[in-house]
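Let me begin by presenting the structure, written as structure tokens, before commenting on it.
Computed from the coordinates by the stated procedures, all read-outs in this text should not be read as laboratory data. Everything numeric in this text was worked out from a predicted model, so none of it was measured. Cβ coordinates were reconstructed from backbone atoms using ideal geometry, including for glycine residues, and neighbour counts include every protein chain displayed.
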Amino acid sequence: MNPPSFILAGSVIFWGWQTGLLVPAAIMAVVLASSSWLTVRWDFSTSDFNRISDLCVVLFLGMLLYAFASNRSNPVILVVLQWLPLSFFPLIASQIYSTRQEIYISSLFLLMRRKKSEEEKQKGKTINLTYPYFALCLLSASCANLRTNGFYLGLLVLSAWALLTARPKRNSLITWAMALLLAGAGGYLGHLWLHRLQATVEDKTIEWLSRFRHDETLHGARSRMGELGTLKLSDRIMFRVKMDSRPGSSLLLREGSYNGYRSSTWFAVRSSFEPLRPEEDERTWHLRTGNNEVMPGKDRAGIGSTSTLMVSTYLKGKKGILKLPLGSLRIENLPVATVEQNQYGTVEVMDGPGLINYRVHYASNALIDSPPTEIDLIVPPEEERGIEKTVAELGLEADSPREVTSRVAAYFRKNFSYSLTLAEPGEEGTSLENFLCTSRSAHCEYFAAATVLLLRKLKVPARYATGYAVHEYSDLEKAFVVRQRHAHAWALVYLDGRWQDLDTTPSSWMEAEEKAAARWLGLADLWSWCTYTLSKWRWGERRGGVTRYLGWLLVPLIVFLAWRVYGKKGVARIHKEQGDRRTQIRSGVDSEFYLITERLGELGFVRNSGETMTNLLARIGESQPPFISTESIHSLLELHYRYRFDPQGISPAERSALKSEVELWLAEHRL
């Protein structure tokens, strides 16, 4: 079945419009449409088609590599699907401008190619790629997922255009058009209903799964309190931070906050994560306040001036917890599909690239954590004795919250020291009680937990926070690097109507951990920087970067193919001075063989859609009893094909024989 004129060009333009590749699509459409008035055709051999098919595979693999290297957030498979018409364009163009108008299926599959003679290859099955390429353009256009009425209308028009040639002749054009419009309207309404159903199912599923969610990272923070030995923390760089200016002291970036404590484990009691909605650019997210209201931006009344910083961190499994300073308001350049925030300031992201580089706007007096509750004043019964002894030593019950906080911080600074050695608890009491009353030396988790519980005992709301301390600047990277050993714990205290960071761990902890660093740290950092640079090239925004030039690497392949197919082998071509004969060969409308096709239809053997003439003759030969002679038709069919497709045509004697033999066959098979 011959496709409608210009349908390929129309489908390519539609694909370019939907995917944003309109410029290459316009060039491709001109090449395809020009075949209707350009009369030059090339006699490509099977080997030539094999080479062109191999080139398309190379183009596909090259585009797959390019998509993998340059794509930030969209799934690579969707990007590659959008580019499929571009990668397989040489194959459809070579078919359209060839004398055969079809290619052998074996050319498409390497495993089907065998070392046979050219005559044996000519007997293989052929395929016309027009409609498969048409369908490929529609598929690739749909992968852009624009979800507009223009896409559906264009899809309907192109489908009607393609189906027009297959319209049953027994039905009128009006009946066919009405049926098509009815099917199109039903499909449009059906897709709206399915979209709403999908949204409802997703919402209900998320709501149901949230009841069974037990992610330890989000709901519990298991500490090393009570363990024995010496802490051995890794020097591996976890993420990088860039700031407008270097802070005077260590900057704390929080991952999670917890308000419940039991058996050396902190919990986020009654934690509830709620999704955030991005702005129109789908990369800017405003965080919620403690009252579940979205912060409208950095100019919110009462917020005052804001600061900014840039964080570059990896996402494992396309999800992770953001590292944020206290008072974060807005996150920019965050290419993820989902952002969820709980009432304790923890922000989780999902469906993102392997490396994200996001900018955070924050203010010291912003309120994104929920106000304190009675839970923020609870001291576990097993810790009461040690906490009461310390409170009695301090004698702070009657002081103001700010004075209490200042005295507690000074108490730890003067009387305690930092150590990576995990001391054994006493015969009586917990590890925390032993730290407060006996050893008075431990790591940050002890200081943070003791500070929170002391403040609670003194009627000051407090929470336990975990995250990282930012203080090591790298001259190599021109940024702060944060290692795994920079993981830190501190207290959050509620003063003057807002939550504030309170780190009572002695500052010597940074020096102690740096002394424990490996000797080969410099080489490890250089390797980490190289890996990070590669990751930025892999996942980062590279407008003007090197990835835009990757496509030019395919140009030598195309030039080499053209030399192999045309220059070296000397592909036969019909020249313009053969105009009259070429036009006759190309049309073939005066071939008398078409009269045989009509007579067979009158005798009850109608040629089915897509059925070759050879298959029709085989079906006629299987009829019982056979009453039509097909032996002579086979020889006439071969002569007809030569007259129809061979650039050299047939001789005048063969042309006369075709006409006389057809007339003879028609006379033998009268109705």
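Other residues whose C-beta falls under 11 angstrom from the C-beta of Leu600 contribute a net charge of +1, scoring Lys and Arg +1 and Asp and Glu -1. Between Arg413 and Leu534, the distance separating the two model label sites (each 7 Å from Cα on the Cα→Cβ line) works out to 4.6 nm.
Note on Met178 and Arg619: the extension gain reaches 155.2 nm, defined as 0.36 nm multiplied by sequence separation minus the Cα-Cα distance. Spin-label model, Leu664 to Ala135: label points 7 Å out along the Cα-to-beta-carbon direction sit 4.3 nm apart. A protection proxy built from the mean count of other Cβ atoms within 10 Å ranks the segments 92-102, 365-375, most packed first, as 92-102, 365-375. Each peptide in 130-142, 11-23 gets a packing score, the mean of other Cβ atoms within 10 Å over its residues, and the list from highest to lowest is 11-23, 130-142. Each of Arg498, Arg670 was scored by other Cβ atoms within 10 Å of its Cβ. Listed from fewest to most, they are Arg670, Arg498.
FRET efficiency for the pair Leu61 and Lys316, taken as 1/(1 + (r/R0)^6) with r the Cβ-Cβ distance and R0 = 25 Å, rounds to 0.35. Computed extension gain for Leu153 through Ser34, at 0.36 nm per residue and net of the alpha carbon distance, reaches 40.2 nm. Extending 7 Å from Cα along the Cβ direction at Ser635 and again at Ala337 yields two label points whose distance is 6.6 nm. What FRET efficiency comes out for Arg270 versus Gln484 if R0 is 35 angstrom and r is the Cβ-Cβ distance? Round to the nearest 0.05. Given R0 = 35 Å and the Cβ-Cβ separation, E is 0.70. Once the chain from Leu476 to Ile27 is taken as fully extended at 0.36 nm per residue, the excess over their C-alpha distance is 157.0 nm.
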